[in-house]
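*Asks:* Structure provided below as structure tokens; questions to follow.
Each value in this text was obtained by applying a stated rule to the coordinates, not by laboratory testing. Quick caveat, the model's predicted, so the values are computed rather than measured. So basically every Cβ, Gly included, is an ideal-geometry build from the backbone, and we count neighbours across all protein chains shown.
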């Protein structure tokens, strides 16, 4: 996958959900079991691939722009089912 490949990956979904849920890159990285710099790099690549800011910094927290939040419930439901089936670890 190139940095400009627009297709989302499972790792992108996991990162978005962790960032939405945790509110900071550092805490989301801990939840995902990666370093803060790895998650920051992934977020930067997603921003480039999707040509979208995705999150903005408000104080010391990362806030999603308006579009990810409504879909998060759907995605969370899907990832919960996937975890139940043993397919996904978030």
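*Asks:* For each of 50, 55, count neighbouring Cβ atoms within 10 Å of the residue's Cβ, then give the residues from fewest to most. It would help to have the intermediate numbers written out before the result.
*Replies:* On the way: 50 13, 55 20.
Going from least to most buried by this count: 50, 55.
*Asks:* Provide 44, 12 in ascending order of the number of other Cβ atoms located within 10 Å of each residue's Cβ, fewest first. List each step's numbers first, then the result.
*Replies:* On the way: 44 12, 12 17.
Going from least to most buried by this count: 44, 12.
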